[in-house]
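Below is one structure; the comments refer to it alone.
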Amino acid sequence: MPQLGFGVWKAASGECYKAVRSALDAGYRHIDTARIYGNEEDVGRAIRDSGIARSEIYVTTKLWNTDQARAESAFAGSLERLGLDYIDLYLIHFPVTKSRAAAWQALENIHASGKVRSIGVSNYMPKHLDELLGAAKIKPVVNQIELHPWLSQTELKNYCESRGISIEAYSPLAHGQKVEDLSLKPLAEKYGKTVAQVLLRWSIQKGNIVLVKSVSPARIAENFAIFDFEIDAQDMAKLDSMNENLRTCWDPSGTP
């Protein structure tokens, strides 16, 4: 799985197609969508029209909450909308209390069919993972969670990594809420990068798989240009110290 991925949450039909084409042109080879985003068709068409071999592009989609009782047919629908022969990664989008156990069993069946290469979860807390790991035949390969310097999720990250579950960080720029933080300007200037590039690079150096989203071709390319510099240990420590448990998305910790 490429460590830097391109997400398409809230990218409208048509706009999503152009954004994915721009991302593929910029060098991204990891595209993350979901049934609930309503743009799987655009993602699949952009991949086909790109001329890039399917084997070179890592594609993720997700099982929505109301589909968990019919996961196998929901997966078939996503596969049809994407117009692909297989999906690289299929995730349970949220840990819905009454249906997540059966949903994981269904994902294991889908994996056995060969139509998805890997399965995982999103927005799972340790208690949800404890339940899953106690019954699962296949361990989730990733847990996709909100993560950025202001929500470092250290305990959850350590829990997952100690069990061989990789962290996928979504909203790595905290939905732009902190990009104008004046304390980060000198840091960005030091490396000759934007604040956004520094934030993305921080997450990459923490070993996370990072998902970033934009519909601007210039910003899409800018977000990809983070592999030609390295943040030093002192600056990494500064960024590590900025946690304030700021959530810009839904908090799954209250889900029993």
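How much length, in nm to one decimal, is gained on full extension between Asp240 and Glu155, taken as 0.36 nm per residue of separation minus their Cα-Cα distance? Spell out each step's value before the answer.
Details: separation 85, 0.36 × 85 = 30.60 nm, distance 1.33 nm.
Result for the pair: 29.3 nm of gain on full extension.
Test of understanding: extend the Cα→C-beta vector of Gln205 to 7 Å, then name every residue of the stretch 1-18 with backbone N under 18 Å from that spot. Residues passing the 18 Å test: 3-4.
For the stretch 1-145, build the convex hull from the C-alpha positions and give me its volume per residue in Å³.
Numbers: hull volume 14.2 nm³, N = 145.
Taking only Cα atoms, the stretch 1-145 has a hull volume of 98 Å³ per residue.
Past the 30 angstrom mark, what percentage of all C-alpha to C-alpha distances in the chain do you count? Cα-Cα pairs in the chain separated by more than 30 Å: 26 percent.
Between Ser55, Ser214, Ser13, the residue with the greatest mean-square fluctuation in the GNM of the chain (Cα pairs under 10 Å linked by springs) is Ser55.
Set the Förster radius R0 to 41 Å, insert the Cβ-Cβ distance between Asp181 and Asp228 as r into 1/(1 + (r/R0)^6), and round the FRET efficiency to 0.05. Walk me through the intermediate numbers first.
Numbers: r = 23 Å, r/R0 = 0.57.
Rounded to the nearest 0.05, the efficiency is 0.95.
Count neighbours as other Cβ atoms within 10 Å of each site's Cβ, and list the trypsin sites (Lys or Arg not before Pro) in the stretch 46-134 that are DSSP loop with at most 12 such neighbours.
Lys98
The phi-based Karplus calculation (6.51 cos²θ - 1.76 cosθ + 1.60; θ = phi - 60°) puts the 3J(HN,Hα) values of the stretch 11-25 at 8, 5, 4, x, 4, 5, 4, 5, 5, 5, 4, 5, 5, 5, 5 Hz, whole numbers, x for Gly and Pro.
Evaluated at 20 °C with a viscosity of 1.002 mPa s, what Stokes-Einstein diffusion coefficient in µm²/s does the stretch 85-195 have when Rh comes from the Kirkwood expression over alpha-carbon pairs? This corresponds to a translational diffusion coefficient of 136 µm²/s. Taking GluC sites (Glu not before Pro) across the stretch 167-256, the ones in a DSSP loop with at most 15 further Cβ atoms lying within 10 angstrom of their Cβ are Glu180, Glu230, Glu244. Site pair Glu56 and Lys139 shows an inter-label distance of 3.3 nm when each label is modelled 7 Å from Cα along Cα→Cβ. Across Asn39, Asn208, Asn109, mean-square fluctuation computed from a Gaussian network of the chain (C-alpha pairs under 10 Å connected) peaks at Asn109. Exceeding 26 Å between C-alpha atoms, which entries from my cross-link table qualify? They are Lys98/Lys178; Lys18/Lys62; Lys137/Lys206. Checking Cα-Cα distances, Lys98/Lys178; Lys137/Lys206 exceed 26 Å. Note on Arg247/Ala221: beta-carbon distance plugged into 1/(1 + (r/R0)^6) with R0 of 30 Å gives a FRET efficiency of 0.55. Multiply the residue separation of Glu189 and Ala76 by 0.36 nm, subtract the distance between their alpha-carbon atoms, and state the gained length in nm to one decimal. Result for the pair: 35.9 nm of gain on full extension.
In sequence order, the stretch 247-256 has phi-based couplings of 9, 9, 10, 4, 9, x, 5, x, 7, x Hz under the Karplus curve 6.51 cos²θ - 1.76 cosθ + 1.60, θ = phi - 60°, and Gly or Pro positions carry x.
Give a quick list of chymotrypsin sites (Phe, Trp or Tyr not before Pro) in the stretch 129-230 that DSSP marks as loop, anything other than H, G, I, E or B, with at most 14 other Cβ atoms within 10 Å.
Values: sites: Trp150, Tyr159, Tyr170, Tyr191, Trp202, Phe224, Phe227, Phe229; in loops: Trp150, Phe227, Phe229.
Loop-located and lightly packed - Phe227, Phe229.
Read-outs: derived from the displayed coordinates by stated rules, not from any lab. Note that the structure is predicted; figures quoted are calculated from it, not measured. Glycine also receives a Cβ, built like all others from the backbone with ideal geometry; neighbour counts cover every protein chain displayed.
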